[in-house]
Every structure is written in C-alpha cells, then in structure tokens.
1. From Leu94, Leu75, which residue is surrounded by 10 or more Cβ atoms within 10 Å (Cβ to Cβ) and modelled with pLDDT under 95?
2. Could you check how many residues of the stretch 46-72 are surrounded by 12 or more Cβ atoms within 10 Å (Cβ to Cβ), small (Gly, Ala, Ser) and more than 20 Å from Ala92 (Cβ to Cβ)?
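The values are calculated or read from the model by the stated rules, or taken from the named source; none is laboratory data. Remember, it's a predicted structure, so these values are computed and weren't measured experimentally. Cβ placement follows ideal geometry from the backbone for every residue including glycine, while neighbour counts extend to all protein chains displayed.
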Amino acid sequence: MYTGDMAYTKSTTGHVSKKASRQSVALPASISEQVRKIASDRRLSANRVMVELIEAGINAHEREKENFMALAEELATTRSVRRRKEIKQALARLTFGE
C-alpha cells in the first residue's frame, strides 16, 4: 500500500497544487456495504463518500486533541478543587475511554 503524501505539481503559471494519490484499502464487508449505501443514497461515488468520511474523522480527531489541550491548560490554571477533579475525570475519559 502506498502511504506517501500527496504529490505536488506546478502548473504553467507557477501555481503549486495538490495532486490526488491513489491508495489501496481493504474494507470489511460490513463497512463496504455501508459506504455503497451512503453513496447510492447521496448519488455520489463510493470513493467520494470514503474521502468525506475520512476527512470527517480527521477533523473529529483534531477537535478531540484541541479539547484535550484546552482541558489540560484549564487544569494547570484552575484553583477550584471540585473543578480540578471534574477536569481530571474528563481527561481520563478522553485518554482511556468510558
């Protein structure tokens, strides 16, 4: 499986743009069925649906990291014992799950 970053190309005007790279991914049958159903319902290609789902997952992951860092910063600055306990519990959930 190719795992390189997206290639960059320069147009005749000198503008640099991202070029899509091909990836080969094996999906479990149940996931593949769900992707095809979403694609059919939304009248999109399965490829487009997978790209959108991956982008949404990456964005969710970034938001989770930002939330974690905000909680860690608040933990470092808050003086309330009760609030510190709440923050520690929230950080534990983010780190270890429910």
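1. Leu94
2. 1
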